[in-house]
Amino acid sequence: MASFFETISEAIREFEQTGFDSVHRLEYWLGKIRESAAQSLTPESVLEEQLNKTFGSIYRRMIDDGQIVKNHPGISRFTIDRLKPKLRGELDRRMAVSRGLIKLNRDAMMEKVSQRFAGWASSIPDGGSRAVDVKETKDHIRKALTSLPFTERRVMIDQGTKFVSSLNEIIATDGGALAGEWHIRKSIGYNNRPDHKERQGKVYAIRGNWALQKGLMKVGPAGYTDQITKPGEEVFCSCSYRYLYALRDLPSDMVTRKGEEAMEEARAKIAAMRG
């Protein structure tokens, strides 16, 4: 079967010579273009391997190898192991989302290629035209397809970041985190969003946590986590939370008098046990 680029070249050459004289002929070429475009895409089996490799490696690194504990100081390995069914479920969900997005991008690409060719071909007068810039026409029509591999890589990268954020959120929610301290990504060449830079180091309370319910803490000046976008929520955001689980780790202006008394009692008990 002819390649996508060969098919496009042949279709352009024919319409350049004969022009648009038949809807049936246009539909014939649109069918051949769609077929050759579909054949040129990464096979679904290979795509599935890429998804498994991308998200599987993230899961192994963060969960099996334990790197995720860096964002959860004090959390036990037992807690993470207990949550593995939920974390595995998130792995499956994120892969399904990525498959869906890639399919939507492919469908949109196919539609765009078809629209561009049909729009161009139907504008050529019956009898053909010598004014056609063949190279420019080819480049315009096939642009959507040539950019697709890059688009699919972007989907995996962005969904991978969202996956990490979701894993962190599951552990924080079930582990009883009180708040999240915002951290931007600090690496050469990465441009953080201005409003994300402003969040750096700020501590956001998790609404409804046990310490709030018991009156041991209060929301700080930064507010709640649900009042801002989550890490990874916006496209290509690589920010993260460092989750706080103990009253002693909170800024002083987020601990109530009752919370201070509770910490003092805990320290006294520990001192008595040691004494």
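The values are calculated or read from the model by the stated rules, or taken from the named source; none is laboratory data. Computed from a prediction, not measured in an experiment: that's the story for all the values here. All Cβ positions, even for glycine, are placed from backbone atoms using ideal geometry, and neighbour counts span all protein chains on display.
Select from segment 47-84 the residues that are among the hydroxyl-bearing types (Ser, Thr, Tyr) and under 24 Å from Arg185 (Cα atoms) and write down the one among them that is surrounded by the most Cβ atoms within 10 Å (Cβ to Cβ).
Pass one, segment 47-84, residues among the hydroxyl-bearing types (Ser, Thr, Tyr): 54, 57, 59, 76, 79.
Pick out the ones that are also under 24 Å from Arg185 (Cα atoms) and you get 54, 57, 59.
On the way: Thr54: 19, Ser57: 11, Tyr59: 21.
So the residue we want is Tyr59.
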Exercise. Can you find a residue in segment 40-58 that is in contact with a helix residue (DSSP H, G or I) (Cβ under 8 Å, 6 or more places away or on another chain) and under 19 Å from Asp139 (Cα atoms)?
Worked result: yes
Exercise. If you take the residues in segment 156-173 that are in contact with a Phe, Trp or Tyr (Cβ under 9 Å, 6 or more places away or on another chain) and among the small types (Gly, Ala, Ser), which one is nearest to Leu83 (Cα to Cα)?
Worked result: Ala172
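Restricting attention to segment 248-265, which residues are among the aliphatic types (A, V, I, L, M) and under 19 Å from Gly201 (Cβ atoms)? Quick ask: steps written out before the conclusion?
As a first pass, look at segment 248-265 and keep what is among the aliphatic types (A, V, I, L, M): 250, 254-255, 262-263.
Leu250, Met254, Val255, listed by residue number.
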For this session: Could you grab me the full set of residues in segment 49-93 that are over 24 Å from Gly176 (Cβ atoms) and either among the hydrophobic types (A, V, I, L, M, F, W, C) or within 17 Å of the chain's Cα centre (by Cα) (or both)?
Result: Gln50, Leu51, Asn52, Lys53, Thr54, Phe55, Gly56, Ser57, Ile58, Asp92
For this session: List every residue pair whose Cβ atoms sit under 8 Å apart, with the two residues 6 or more apart in sequence or on different chains, where the first one lies in segment 256-272 and is within 16 Å of Gly215 (Cα to Cα) and outside the structural domain of Gln213 (by TED's automatic domain parsing) and the second, anywhere, is modelled with pLDDT of 95 or more and surrounded by 10 or more Cβ atoms within 10 Å (Cβ to Cβ).
Result: none
Seminar exercise, completed: Residue hits (segment 1-26; in a helix (DSSP H, G or I), farther than 18 Å from Glu136 by Cβ and either touching a Pro at 6+ places or on another chain (Cβ under 7 Å) or free of Cβ contacts under 8 Å to residues at least 12 places away in the same chain (or both)) are Val23, His24, Arg25
For this session: Evaluate the following for Pro221: is it under 22 Å from Ile75 (Cβ atoms) and outside the structural domain of Asn71 (by TED's automatic domain parsing)?
Result: no
For this session: Being surrounded by fewer than 16 Cβ atoms within 10 Å (Cβ to Cβ) and of a type in the set (A, V, I, L, M) is the filter; apply it to segment 221-262 and report the residue that is farthest from Gly160 (Cα to Cα).
Result: Ala246
Exercise. Which of (1) in contact (Cβ under 8 Å) with a residue 40 or more places away in the chain; (2) within 30 Å of Ala11 (Cα to Cα) does Lys103 not meet, given it meets every other one?
Worked result: (1)
Seminar exercise, completed: All conditions in (1) surrounded by fewer than 20 Cβ atoms within 10 Å (Cβ to Cβ); (2) under 22 Å from Lys103 (Cα atoms) are true of Lys186 except (2)
